[in-house]
Amino acid sequence: MFAQETAAGKVFYPERLVPYLDHEALAGLPPERRRELTVRHLYQFLLSTTHLETRVVNTAAELIANNRAGLDLPVSARLDAFKVYCDEGYHALYSLDLAGQIAEATGIAIPPWDYGGFVYRLELTGRALLPDAPALVPLLQTVVFETLITAVLNEIPNDPSVVGVVRDLTRDHAKDEGRHHRFFSGFFGELWTGLDPGLRAPVARTLPALVHACLTWDVEPVRASLLLAGLDAATANQVVADCYLGEAAAGQLADTCQATVRTFQSAGVLDVPGAAEAFAAYRLLPSEPPTTQHPAQRPSSQRP
């Protein structure tokens with residue numbers, strides 16, 4: 001089913017959304033190697049979706065749905081959480097399904113990326129940041145992930161250069177994530193209101209570090225993809241450093257989490273003494289000068 005569209009020049013993923021393809025180290029790559037990089041970048045998005053949705057988001061969705069989140073929620077809210085749970089499971093299903101179909105059609109293998117290091121690091125970071133309230137960690141992490149601005153979901157559906165099934169998948173995903181954003185924004189308001197007053201200050205001052213941890217994405221798939229394209233290890237490391245680390249990454253992070261910070265601000269988090277300073281230290285406050293959002297930075301989603 002891809003053959004007619006690809007023969008007409010449509011792509012599985014546009015080069016402009018791959019942050020490293022315009023790096024000088026890749027200038028001499030032949031077109032076929034560049035195409036493989038774009039397909040593997042799509043695999044990154046699809047595989048990170050399968051892992052993030054099922055191993056992080058659905059952990060919290062289940063707690064809320066089964067009334068194990070420490071809040072007395074109405075049945076309607078619990079049903080909405082179950083709808084999120086079903087949505088996220090289906091996102092994982094169709095993402096892996098599409099990756100498999102593309103691999104079969106193109107001969108570009110799906111690399112064995114399981115994002116286990118990223119998920120494990122999230123768990124360790126959460127426990128270290130909130131050792132006195134470990135039950136809050138998966139809930140707060142999920143609020144962060146589900147309120148981010150995901151540029152891939154916003155841009156791909158409207159890009160006529162991309163094959164139809166990829167556009168349809170991301171459009172469907174974006175529609176669901178819009179509902180999830182509203183649900184988790186409301187849930188955070190309830191969570192914050194019901195939080196033990198003694199926990200509010202440590203949680204408020206910890207949230208910026210938690211946001212940073214959630215958005216410090218695993219760059220190993222990028223490095224591995226560059227090595228598969230023929231770059232040597234030193235060059236691949238330099239490309240990763242130039243495109244994903246340092247000052248540029250800080251600006252991308254601030255743009256990506258603007259909606260998340262607004263959610264916290266609306267709930268009153270930044271009214272807690274010391275919270276605004278903590279957010280400012282991570283350059284997350286909306287009053288700061290705007291930066292240019294890199295179109296491929298998620299996170300994902302959660303995400304590339």
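The values are calculated or read from the model by the stated rules, or taken from the named source; none is laboratory data. In this text, all values refer to a predicted model and were calculated from it rather than measured experimentally. Cβ: placed from backbone, ideal geometry, glycine included. Neighbour counts: every protein chain shown.
Observations
- One residue from ALA224, ALA254 being surrounded by fewer than 18 Cβ atoms within 10 Å (Cβ to Cβ) and either of a type in the set (Ser, Thr, Tyr) or part of a helix (DSSP H, G or I) (or both): ALA224
- Residue among ASN67, ASN58 that alone is under 19 Å from PHE188 (Cα atoms) and either of a type in the set (Val, Ile, Thr) or more than 22 Å from the chain's Cα centre (by Cα) (or both): ASN67
- Among the residues of segment 127-152, those identified as more than 13 Å from the chain's Cα centre (by Cα) and in a helix (DSSP H, G or I) are ARG127, ALA128, LEU129, LEU136, VAL137, PRO138, LEU139, LEU140.
- Test for GLU155: is it modelled with pLDDT under 95, among the charged types (D, E, K, R) and in a helix (DSSP H, G or I): yes
- Residue ID - nearest to the chain's Cα centre (by Cα), chosen from residues in segment 231-248 that are surrounded by 14 or more Cβ atoms within 10 Å (Cβ to Cβ), closer than 23 Å to PRO112 by Cβ and of a type outside the set (A, V, I, L, M, F, W, C): TYR244
- Boolean, ALA27 is hydrophobic (A, V, I, L, M, F, W, C), out of contact with any Gly (no Cβ under 9 Å at 6 or more places or on another chain) and modelled with pLDDT of 95 or more: no
- Residue within segment 109-117 that is over 28 Å from ALA249 (Cα atoms) and either at pLDDT 95 or above or assigned to a loop (DSSP other than H, G, I, E, B) (or both) present: yes
- Any hit, segment 1-17, residues being assigned to a loop (DSSP other than H, G, I, E, B), in contact with a Leu (Cβ under 9 Å, 6 or more places away or on another chain) and either over 19 Å from LEU228 (Cα atoms) or not polar (S, T, N, Q) (or both): yes
- Residue within segment 38-50 that is among the hydroxyl-bearing types (Ser, Thr, Tyr) and in contact with a Pro (Cβ under 6 Å, 6 or more places away or on another chain) present: no
- All of (1) part of a loop (DSSP other than H, G, I, E, B); (2) within 23 Å of the chain's Cα centre (by Cα) hold for LEU29 with one exception: (2).
- Restricting attention to segment 257-266, the residues that are surrounded by fewer than 19 Cβ atoms within 10 Å (Cβ to Cβ) and of a type outside the set (S, T, N, Q) total 2.
- Any hit, segment 180-188, residues being small (Gly, Ala, Ser) and in contact with a Lys or Arg (Cβ under 7 Å, 6 or more places away or on another chain): no
- The set of residues from segment 207-221 being of a type outside the set (A, V, I, L, M) and either assigned to a loop (DSSP other than H, G, I, E, B) or touching a helix residue (DSSP H, G or I) at 6+ places or on another chain (Cβ under 6 Å) (or both) comprises PRO208, CYS214, THR216, TRP217, ASP218, PRO221.
- ARG40 being of a type outside the set (Val, Ile, Thr), on the phi < 0 side of the Ramachandran plot and surrounded by fewer than 17 Cβ atoms within 10 Å (Cβ to Cβ): no
- Residue check for PHE82: more than 23 Å from TRP113 (Cβ to Cβ), out of contact with any Leu (no Cβ under 7 Å at 6 or more places or on another chain) and part of a helix (DSSP H, G or I): yes
- Segment 165-210, subset aliphatic (A, V, I, L, M) and within 21 Å of GLY70 (Cβ to Cβ), residue surrounded by the most Cβ atoms within 10 Å (Cβ to Cβ): LEU207
- Among the candidates LEU98, LEU124, the residue that is at pLDDT below 95, more than 17 Å from the chain's Cα centre (by Cα), surrounded by fewer than 22 Cβ atoms within 10 Å (Cβ to Cβ) and not aromatic (Phe, Trp, Tyr) is uniquely LEU124.
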